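Peer 1: Questions regarding the structure given below will be posed in turn.
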Amino acid sequence: MIKIEIDEVIFNLPSDWSEVSLSGLMKLNRLQKMSFKSNIDQTTALLVAMTDMTEDVLLALPIDDFTQLSDMLGWASKLPSEENPQSVVTIDGLDYSPIDVKTMSAGEFISLEVFQNGAEAEENFHYVAAVLIRPVVDGKIEKLKDMADIQKRADLFKDKLMVGIYWPIVQSFFAGAGSSSLTNTQGSLDRVKSPSKLRIVNS
């Protein structure tokens, strides 16, 4: 994270997709559906979604500071890398591993399709992750249990699974499954670089 100081208050700004959670990705998708009065209005909404800054803090900045902050999110205009999906993801000391498409049951595919193809599919990234990425128990990837188990893992992943880890895993899975149905999220990940009292504390 890049730490930014504005009026002696420290704020955090992600430096790449490895510092954006699935919750952040869903916020970006919501922005894609919104209308904005101006580029500054759109950029403000983007910065609020991607940082812990408020709209009031951002709109009080000199325009040069505001533009500098916007430029620091230039990396978000490109999709995360699809290369080198991790075989093990460790969150809160527990190991999780992506499931192999060849080992999934028909029932597990149904669970995946429910989350992937529903009316609110763009709000379900954490559920898709919970189906595809499972706990490793005694050296084996756990089978899907009930909805309560999926919900618990989805809630964890929403805040603690980063887009930089999630994206290569889902792309690898759906490439293996002969499907590109999640790649339509490219449009919602593409960010237009828009047009800062701030000091970069570290970078």
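Peer 1: State the number of residues belonging to region 15-45 that are part of a loop (DSSP other than H, G, I, E, B), touching a helix residue (DSSP H, G or I) at 6+ places or on another chain (Cβ under 6 Å) and under 30 Å from Glu83 (Cβ atoms).
Peer 2: Number of matching residues: 2.
Peer 1: Under the condition of being among the small types (Gly, Ala, Ser) and under 21 Å from Gln86 (Cβ atoms), which residue from region 134-166 is surrounded by the fewest Cβ atoms within 10 Å (Cβ to Cβ)?
Peer 2: Gly139
Peer 1: Could you look through region 36-65, keep only residues that are within 11 Å of Ile6 (Cβ to Cβ) and of a type in the set (A, V, I, L, M), and pick out the one that is surrounded by the fewest Cβ atoms within 10 Å (Cβ to Cβ)?
Peer 2: For region 36-65, the residue satisfying everything is Ala60.
Peer 1: Restricting to region 143-167, give me the number of residues that are out of contact with any Ser or Thr (no Cβ under 9 Å at 6 or more places or on another chain) and either at pLDDT below 90 or not in a helix (DSSP H, G or I) (or both).
Peer 2: Total meeting the criteria: 2.
The values are calculated or read from the model by the stated rules, or taken from the named source; none is laboratory data. Given the structure is predicted, the values throughout are model-derived calculations rather than measurements. A quick note on method: Cβ atoms are made from the backbone with ideal geometry, for glycine too, and the neighbour counts reach across all protein chains shown.
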